Structures are given as structure tokens and as C-alpha cells.
Amino acid sequence: MGFDVSPDPGVWIAALLTLFIFSFLYKDNPLYKFAEHLFVGVSAGYIVVQQFWQVLFPNLIEPMFFQPGTADAWKFWIGAVLCVLLFTRFSAKASWLSRFAIAVIIGVYAGAKTTGFAQAEVVAQVQATMLNLWDPAHIGASINNIVLVVGVVCTLVFFFFSTEHKGPVGGAAKLGIWYLMVSFGAAYGFTVMSRISLLIGRFQFLLDQWLGIVRF
Amino acid sequence: MSWGERLEKLDRRWIFLAVGFLVLIPLLFPFKLPIAVSGPARRYFEAVDKIPDGSTVVVSGDFDPASAPELMPMLTSSVRHLFRKNCKIIALQLWPGGPPLVDGVLHSLGDEMGKKYGVDYVNLGYKSGNEVVMLAFGTSFSRTFPNDYSGTPVKQLPLMQKNDNFETTKLLVNISAGYPGTKEWVQQAQGRFHITMVSGSTAVQAPELYPYLQSGQVLGLLGGMAGAAEYEKSTGVLGPATKGMDAQSSAHVFIMFLILLGNAIYFARRNAQGRA
Amino acid sequence: MSFFKQHLPVWLTAIIGVLTILSFFMPHPLIADPAETLQNWAIVIVASGYVLGAANVLKVNGEDVARRRTNWPYKIVLLASMIGMMIIGFFMSGGTHFLDAGTKFTWAYNNLYVPMQATMFALLAFFIASAAFRAFRIRTIDAGLLAIAALIVMIGRVPIGQWLTKDLPEPWQLPVWASWLLEWPQNAAKRGIAIGAGLGVMATGLRIILGIERNYMREDKS
């Protein structure tokens with residue numbers, strides 16, 4: 001194991017910025033603040049450039065101005081007007097004009113979400129819960145199916161607040177809470193895994209691309 | 001001050017230092033613990049392996065640098081697996097921060113495996129709009145992405161001349177960090193356009209996707225760096241995910257120890273206060 | 001005037017929402033073509049929204065610098081880096097080829113954006129460990145269930161779980177417990193949440209389309 005430090009100034013800048021941000025773990029300090037504000041500025045600049053070249057230019061500006069004979073050009077012009085109307089939010093008097101652009105977005109998203117959730121989250125999930133609860137030839141699968149169906153029903157009972165959670169309903173809701181606790185525990189375990197993975201990634205960069213101690 | 005009180009008041013920076021060491025040491029000196037392939041990861045591998053060689057596959061890399069350690073190995077292994085089967089890849093991205101990462105993987109593996117851009121793979125780049133892009137994309141690839149990642153009109157690319165919607169594709173491989181991602185692809189595209197799909201996702205999101213796996217809406221699931229390592233093992237090319245699992249193991253054991261220790265101190269002090 | 005300012009946008013939302021819902025069921029060009037046009041408009045409007053947000057960042061931080069508010073020197077770094085990225089991306093990186101390998105913009109992406117974003121999120125690993133020690137308290141049976149599930153998944157899904165229990169019969173191995181927990185009881189709860197959330201989203205979507213819910217039309221008066 002030896003050092004093979006990168007000669008690339010870009011890698012050195014990346015490594016130093018990484019260490020600046022890690023310095024926050026000791027305490028808040030000017031190096032961290034510098035990196036934090038640099039990050040916000042770089043991100044904001046990156047987003048603007050990307051939205052222009054990868055969305056607005058090919059989907060709006062190029063068909064309008066650089067492709068003569070574009071079919072249904074009026075559609076692009078209305079799109080452009082709606083985009084400009086969005087910026088009226090900066091003016092107190094004219095900001096009501098932005099409602100038209102927002103109406104398009106909200107209408108499309110509300111429609112898309114309503115059908116998407118109805119099909120994928122309600123119909124398909126209810127259908128997948130209709131399982132065979134008893135098959136003497138497959139006892140293990142039967143128990144698993146019972147666990148699943150009981151869990152789904154009890155979880156839904158827990159979230160049903162139109163009836164008081166007493167008696168059998170209360171019992172089902174209590175079982176629903178236990179299922180939810182198991183799922184939150186699993187989610188916590190996976191969250192830990194995810195966060196540690198991000199740290200592993202940063203250390204792999206420092207050890208491999210910067211210091212050249214280990215190759216991943 | 002008793003040990004319990006001292007530990008309860010422990011400066012958290014000592015914990016930070018311990019985490020740092022416990023992640024660093026296994027990266028420098030790996031234990032090489034064996035990795036077992038889980039059911040969902042095996043199903044992911046089989047779903048990709050089962051599609052006919054030479055099929056056209058859509059790969060949606062919906063992530064950014066924050067999730068790269070978990071998802072880049074999944075993307076790399078998936079693209080390698082598909083290229084090995086001579087599959088054609090149409091790639092797109094729905095997260096603004098991710099396109100160069102995905103493009104880098106496509107080009108480096110494309111060069112390594114002798115694939116030609118425009119014929120064997122195309123990177124359409126990024127579009128804003130989240131699930132609306134999925135809807136529009138499913139209707140027409142070329143009307144949603146008139147140009148590719150570098151600005152070349154897609155109608156000039158041979159692969160895109162033969163593929164303009166999901167009817168000619170065999171699989172959607174979605175590498176997802178959150179919103180928009182697998183949930184939205186299932187909601188907006190899987191049912192509407194009748195596509196088969198597999199998902200590689202961050203560990204944070206993976207538990208939420210198990211209902212889709214059980215219902216068959218998603219055929220296979222990779223969850224987090226562990227899932228990426230399992231898929232690397234399945235494809236036979238070990239990479240950064242496999243090499244990170246020892247560090248993952250040691251960190252998890254340490255956090256388990258912290259949970260148990262924290263609670264042991266809490267109960268001991270509560271009992272002591274109860275007696276007093 | 002009130003019709004144009006208040007009612008017309010709400011009517012537009014309703015018509016567009018209904019058209020989008022109908023396009024799910026009717027592939028006929030009379031419905032599908034306008035729906036696709038609306039989707040393309042939404043894509044470019046969202047992109048403009050990002051640009052609007054960035055313009056707001058310029059405005060807010062510019063004011064902070066002008067009025068010498070707290071941390072104003074750092075805001076100069078923010079503004080300079082933002083404007084610098086925009087200049088590089090618009091004028092110095094080959095136009096639509098701005099993200100190709102080797103451009104100045106790609107250099108900035110690889111050496112500034114990627115390491116900083118990745119490291120910001122990597123900090124969470126340390127905080128989750130600290131929180132596990134200081135805040136995770138098993139005070140009730142429910143919390144105990146949560147803790148047991150968390151520990152089984154945390155150890156069972158990584159190689160050390162397999163290694164520790166490899167000599168036990170398969171049903172007693174930690175990875176098997178973790179897999180069972182994820183595929184059955186955890187799955188059931190997540191599915192219950194998904195169905196409930198699905199019903200909620202459908203209700204909210206219909207409320208918005210029918211004009212009952214109009215909070216999105218409120219403007220920010222500040």
C-alpha cells in the first residue's frame with residue numbers, strides 16, 4: 001500500500017472542498033461556510049444553464065426560431081408566453097398573470113397524479129393483496145399470505161378515524177400499529193445503510209482518486 | 001460522575017471520530033466477508049438476463065451525486081449486463097444533477113465493449129417535469145426529447161429511428177434516488193404503457209418499493225449498496241459496492257452497539273432514580 | 001376583471017385536469033393530442049420555474065450583500081460562483097455540448113458540484129450514529145418492536161449478518177429473518193400506507209380539479 005497522489009488540480013480542489021465540508025463535524029467554521037455558499041452558487045448556476053440548454057432550447061426556442069416550417073408552431077408560441085407569464089411573479093401588480101402558467105402545471109399534475117395513484121397504488125395493490133389464505137400443500141406460503149393480508153387490513157383500520165378505536169376495531173388498530181412499527185424499524189435500518197454508503201463513497205474518492213492508496 | 005453520566009454527556013465528536021475510523025479501516029484493510037445474493041436482487045438479475053439478446057431497453061438514471069455511491073455501481077453493472085447481451089440502450093435522466101454521471105458510464109462502458117453511439121446506445125439527456133416527462137415520453141420519445149444529450153437531433157440517430165415509444169422496447173431499467181423515480185414510473189408508465197420494469201434504488205427508498213415487487217409491477221429490486229454488491233456478484237464483475245460492504249458491516253455493528261449502549265445507560269439510570 | 005384574475009385560472013385547471021384524466025382512458029387523437037401538448041407546455045413551464053427560482057436566489061442574496069446583512073461576504077462567494085457557472089455554461093462550453101467530456105462546464109461539475117453535494121449528504125452518516133446513541137430510546141413495546149426490526153434489518157442485510165449466523169440452520173440465519181421481515185410484515189404496512197395515500201391523493205386531485213382547493217392560486221405578497 002503506497003501513495004499515488006493525483007497530479008490533477010481538479011481532484012485536489014474536489015478533495016479540499018470535501019475536507020472543508022467535513023470540518024463542520026468539528027465545529028462550524030469559515031472554511032465550511034465558504035464551501036456551503038460556493039455549493040449553493042454552483043448548484044444554482046448549473047441548474048439555470050442546464051434548464052436552458054437541455055429543456056428550453058430544444059423544446060421551445062429551437063423549434064420557434066431555428067427550425068423554419070415547424071408543424072403547429074402556434075403551440076410553441078403559447079408555451080413561450082406561459083413561460084414568460086411565470087416571471088410576472090416578481091411584480092406585485094402583474095403577478096396574477098402567473099396564475100395561468102400555474103393553472104397548466106396544476107391541472108396536468110393533478111390529472112396525472114389522480115389516475116397514476118388510482119391505478120398503481122389502489123387498484124393494483126388491492127388486487128395483489130387478494131391472496132390464497134389457505135393451501136394445505138404450501139403451509140409456509142399460506143402463513144405468509146395471512147401475515148400480509150392481516151397486516152394490510154389492520155394498517156388500513158388504524159388510519160380509519162371515522163370510528164372510535166375500541167373493541168375489535170381497537171384491537172385491529174393496535175395490531176396495525178405493530179405492523180407499522182416493524183415497517184418503521186426496517187425503514188430506519190435501511191436509512192442507516194444509505195447514510196453510511198454515502199460516507200463510504202466519499203472515503204473511496206479520497207483514498208482512490210486523490211491519494212491513490214487503494215483502488216476501488 | 002458515574003460512568004453512565006459520563007457516557008450520556010459524551011461529546012458527540014468522539015462518536016463522529018469512531019464512525020470515521022470504523023468506515024476507513026475496512027476500506028484500507030478489507031475483511032472480504034462473503035456476500036449472499038438476496039431474493040429481490042436475484043430476481044433483478046434474472047429479469048434482465050431473460051430478455052432476448054439484442055432487445056432495446058430504456059435506462060432511466062434518476063439520481064444525482066448525493067446517491068452516487070449506492071446507485072452508480074447498479075447503473076454500471078446494469079449497463080454492462082445489457083451490453084453483454086448486445087442490447088440497445090436508450091437512456092434518459094429526470095434528476096438535474098445526474099446526467100453527466102450517467103453519460104460517463106455509458107461512454108466508458110460503450111468504448112470498453114466496442115459499442116457505437118447512435119447505433120447501440122443513445123443518451124437523450126435530461127428533461128424537467130418529473131412524471132409529466134414520463135407521460136410524454138411514453139407517447140413519443142422524439143417529441144419529448146427532440147435532441148440528445150449533446151444537442152444532436154434524435155431523428156438523425158439510427159437507434160431512435162427504429163424506436164419512438166415503449167412498444168418496441170422490452171424492459172425499463174430505473175435507477176432511482178427518490179422523487180421522481182420508481183414510484184412515479186410505476187404510477188405513470190408501467191400500468192399505462194404496459195411495460196416491464198426493474199428498479200435499483202437507494203436504501204432509503206427500497207422498503208417502499210416492496211409492495212410493487214410483490215404485486216409484479218416491478219420484476220426485481222436492488223436496495224442500496226448491499227443490493228448493488230449482490231448484483232455485482234451476480235454479474236461476476238466486482239466493483240466499488242462490493243469493496244464497500246466490509247465498511248458497511250462494521251459501521252452497522254457499531255450503530256447497533258450505540259443503540260444498545262444508549263438504552264442500557266437509560267434504563268440503568270431510570271432504575272437508579274426509581275430506587276432513589 | 002375578477003373573472004380573469006380569479007375564476008378563469010380555476011376553470012383552466014379544471015379543464016386541463018379533466019383532459020389529462022380522460023387521456024388515461026381514451027387514446028383518441030381528439031383527447032390525446034391536446035393532452036400531449038399540455039404535457040409539453042408543463043415541461044417547459046417547470047424549466048422556467050427553475051430559472052425563476054435561480055433569479056430569486058440572485059435577488060435575495062444581492063439584497064443581503066447590498067444591505068450588509070449577516071454573512072454577507074459569503075453571499076458574494078455565492079453570487080460570484082453562480083454568475084461564473086452561468087458565464088461558463090452559456091458562453092464558454094460549446095452551447096448544447098456544454099456537458100460533453102472535456103468542457104469547462106463539465107470540469108466545474110466534476111470538481112465543484114459533485115464533491116460538495118456528495119459530501120453534504122455524507123455528513124448525515126455521522127449524525128445518524130450520534131442520534132442512535134443519544135435519542136433512540138426504547139420506552140414502549142411499540143418502540144421495542146421498531147428497534148428489533150431495525151436491528152434485524154441492519155445486521156441481516158450486510159455480509160456480517162450472514163457471517164455471524166452461517167453455521168445455524170437456514171431458517172435461523174439473520175439474512176433469512178431480514179428478508180422475511182421485508183417481504184411480508186413490512187410489505188403489508190407499506191401497502192396499507194400506499195393504499196391510504198393513494199385514496200388521499202385521488203381525493204386531493206379531484207378537489208383541485210373541481211376548484212374546491214385553491215391554495216395554489218395564492219400569491220406570495222412578500
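For region C:113-222, trypsin sites (Lys or Arg not before Pro) meeting the loop criterion (DSSP other than H, G, I, E, B) and having at most 11 other Cβ atoms within 10 Å: C:Arg139, C:Arg218, C:Lys221. Ratio of Rg to Rh for region C:6-55: 1.09 [Cα atoms; Kirkwood radius as inverse mean 1/r over pairs]. Relative to the compact-globule estimate of 2.2 N^0.38 Å, the Cα radius of gyration of region A:131-210 comes out at 1.74.
Extension gain for the segment B:Gln156 to B:Leu260, taken as residue separation times 0.36 nm less the Cα-Cα distance, is 31.3 nm to one decimal.
Between B:Leu10 and A:Phe160, the simple spin-label model (points 7 angstrom out along Cα→Cβ) gives 4.7 nm. For region B:89-178, applying the loop criterion from DSSP together with a ceiling of 16 other beta carbons within 10 Å to the trypsin sites (Lys or Arg not before Pro) yields B:Lys116. Annotation for region B:1-36: trypsin sites (Lys or Arg not before Pro) lying in DSSP loop with at most 13 further Cβ atoms inside 10 Å of their Cβ are B:Lys9, B:Lys32.
In percent, how large is the relative contact order of chain C, given Cα pairs closer than 8 Å and 6 or more residues apart?
Relative contact order of chain C: 18 percent.
Projected onto their three principal axes, the Cα atoms of chain A cover extents of 65, 65, 39 Å, largest first. For the protein assembly as shown, just say rounded, prolate or oblate: build the C-alpha gyration tensor, square-root its eigenvalues into a ≥ b ≥ c, call rounded for a/c under 1.5, and beyond that prolate if a/b exceeds b/c, oblate if not. Since a/c stays below 1.5, the shape of the protein assembly as shown is classed as rounded.
Report the FRET efficiency, 1/(1 + (r/R0)^6), for B:Phe267 and B:Ile25, where r is their Cβ-Cβ distance and R0 is 30 Å, rounded to 0.05.
The pair B:Phe267/B:Ile25 has a calculated efficiency of 0.45.
Here is what passes the span test in chain A: the DSSP H helices with alpha carbon length of 27 Å or more along the helix axis and a Kyte-Doolittle mean of 0.5 or above are A:30-51, A:98-117, A:139-158, A:167-204.
Averaging 1/r over each pair of different alpha-carbon atoms in chain C and inverting the result gives 24.3 Å, the Kirkwood hydrodynamic radius. Looking at the protein assembly as shown alone, DSSP beta bridges between its own residues are antiparallel in about 5 percent of cases. As a rough footprinting exposure proxy, the listed residues C:Ile16, B:Ile35, C:Ile76 were ranked by other beta carbons within 10 Å of their own, and the order from fewest upward is C:Ile76, B:Ile35, C:Ile16.
Take the Cβ atoms of A:Ser142 and B:Asp53, set R0 to 51 Å, and the FRET efficiency comes out at 0.85.
Compute the label zone of B:Glu112 within region B:223-246: residues whose backbone N is under 17 Å from the point 7 Å along Cα-to-Cβ. Answer for this model: B:228-244. The distance separating the Cα centre of region B:212-238 from that of region A:67-92 comes to 43 Å.
Between the alpha-carbon centers of region C:1-74 and region A:108-139, tell me the distance in whole angstrom. Going from one Cα centre to the other spans 32 Å.
Extent along the principal axes, Cα only, for region C:10-112: 56, 38, 19 Å, with the longest axis given first. Peptide A:137-149 has a mean of 2 when you count, residue by residue, the C-beta atoms of other protein chains within 10 Å of its C-beta. For the pair region A:35-58 and region B:135-194, the centres of their Cα atoms are 24 angstrom apart. Rounded is the label for region B:39-238, because a/c, from the alpha-carbon gyration tensor with a ≥ b ≥ c as root eigenvalues, stays below 1.5.
No lab work stands behind these numbers, since they all come straight from the coordinates. Since the structure is predicted, the reported quantities are computational estimates derived from the model, not experimental observations. Every residue, glycine as well, gets a Cβ built from its backbone with ideal geometry; the counts of neighbours run over all protein chains shown.
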